[in-house]
Amino acid sequence: MMMLEHEGKRLLAGVGVPVPQGTVIEASAAPDTAGAGISAFPVAVKAQVRSGGRGKQGGVRQVRTAGELADTVRNLLQTSFGGETPDAVLIEPWLSIERECYLCVAVDGRAGGYVVMYAPRGGVDIEEGPPPARYPVGAPWNFRAHELRKILKDVEPDYQWREKVIALAQRLVRVASMHDCSTIEINPLAKLADGSLIAADAKVVRDEWAHFRNQEIHALREAEKGRVGKLLRDCLDMGHMYVRLDGDIGLMSGGAGMTMAAMDMIAEQGGRPACFLDVSPGPTSAHGYRPALAMLDADPQVTVILFSVFGGGTQMQRVANSVKELMAGRNSSKPVVFRLDGTNVDQVPGIFAQFGAHNHARLEDAVSEAVRLAGNPA
């Protein structure tokens, strides 16, 4: 769950990480009031979006006078960045930066917990440079300053700056653990003229699956649900996992691994998945599947739906009966391709015959038909 920059910086400031003093202007506020209380110029005006590449898209602008500020705020609030229109802008002092570095703490399966990543050169072109140095911490209590120091010795020649980075990295690991963060990325981590460091930008991602134990994340999750349409909100309430893509084959599948396998197979056969939609967390009933099917039916981008459920413990005759109920009350004419496999799958053909559907025994065959129906065969 990605936080906006100003939200992430507020979290970091609360634990003693230096951040610029900023002013947030919400989209609902009058742009003409943006300059109230701001007397020192130049300032940085930053669009608050969750998509990446904001800086290269003109989402961060320098404003030198109060007269320019309102127009700049208005323009940013009306501009789309990566398909996302800002909810707010953040106004901060324009920093006199001597040097830009990169520091990140993230959950990494290979590390068995957290990993610290550092690069001596940061900023918008971080991806174009050599990969950051990595310190696999694992559990947060395994952090050892001397181990990170050894890794950074050949990467960061300035020993005074290096020690500041090590101290900050240790703090970020603790913060990530305490606040259920899967990523805390500071880019750039700026060195100012007096040698001090400051988080000039911050990307903080919270683990939304920690909502059951973290009231703050629970509130953020509910607020995020409130920003989406009713059909998607109904899916999320069922526990479904959804990511919208740019294809035309709507995929309803059971299990994240099987869903990704189906997506790969669609691409291999020349098709384009319209979404990642894992319906396994919800109940295997018409009640559970209905929001997902309704959402794909209502999506004009989707031309065909592939319904694929595989599970050793899932009783396929129950899934088939749920599908029968859904199809009976369905108004959409979009074709639906089925592939069910698991316990009691031998009962599925008889149930499907009652409403004229066919169950594919192999996922490959189901994908092939979906791609053909979508009109983009290999």
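For residue 75 and residue 227, FRET efficiency with R0 = 30 Å and r from the beta-carbon atoms, rounded to 0.05?
Working from the Cβ atoms, E equals 0.85.
Taking 8 Å as the Cα distance limit and 6 or more residues as the minimum spacing, I'd like the relative contact order of the range 97-214 as a percentage. Intermediate results must be reported in sequence, preceding the final value.
On the way: 214 pairs, mean separation 35.2, N = 118.
Once normalised by length, the contact order is 30 percent.
Looking only at 184, 217, 249, which one moves most when the chain is put into a Gaussian network model with springs between Cα atoms under 10 Å?
Per the Cα network of the chain with a 10 Å cutoff, 249 tops the list.
What residue among 96, 182, 253 has the largest mean-square fluctuation in a Gaussian network model of the chain, using Cα springs under 10 Å?
Among 96, 182, 253, the largest mean-square fluctuation in the Gaussian network model of the chain belongs to 96.
On a full-extension model of 0.36 nm per residue, what is the gain between residue 125 and residue 219, subtracting their alpha-carbon distance, rounded to one decimal in nm?
Details: separation 94, 0.36 × 94 = 33.84 nm, distance 3.41 nm.
The span from residue 125 to residue 219 would gain 30.4 nm if fully extended.
Note the full-extension length gain between residue 141 and residue 96 as 0.36 nm times their separation in residues minus their Cα-Cα distance, in nm to one decimal.
12.6 nm is the gain from fully extending residue 141 to residue 96.
My understanding is that a pair violates if its Cα-Cα distance is over 27 Å; which of 153/191; 46/225; 230/334; 9/191; 56/164 do that in this structure?
56/164
Would you compute, from DSSP H runs of 4+ residues alone, the mean residue ellipticity of the chain at 222 nm, taking -39500 (n - 2.57) per run and dividing by the full residue count, rounded to the nearest 500?
-10500 deg cm²/dmol
With axes computed from alpha carbons, what is the tilt in degrees of helix 316-328 against the longest principal axis of the chain, rounded to the nearest 10 within 0 to 90?
Tilt of helix 316-328: around 90 degrees.
What is the local net charge at residue 118, summed over the other residues whose Cβ is closer than 10 Å to its Cβ (Lys, Arg +1; Asp, Glu -1)?
Net local charge, residue 118 excluded: +1.
Read the figures in this text as sums done on the coordinates, not as results from a lab. What you see is a predicted model, and the numbers here were worked out from it, not measured in a lab. Cβ coordinates were reconstructed from backbone atoms using ideal geometry, including for glycine residues, and neighbour counts include every protein chain displayed.
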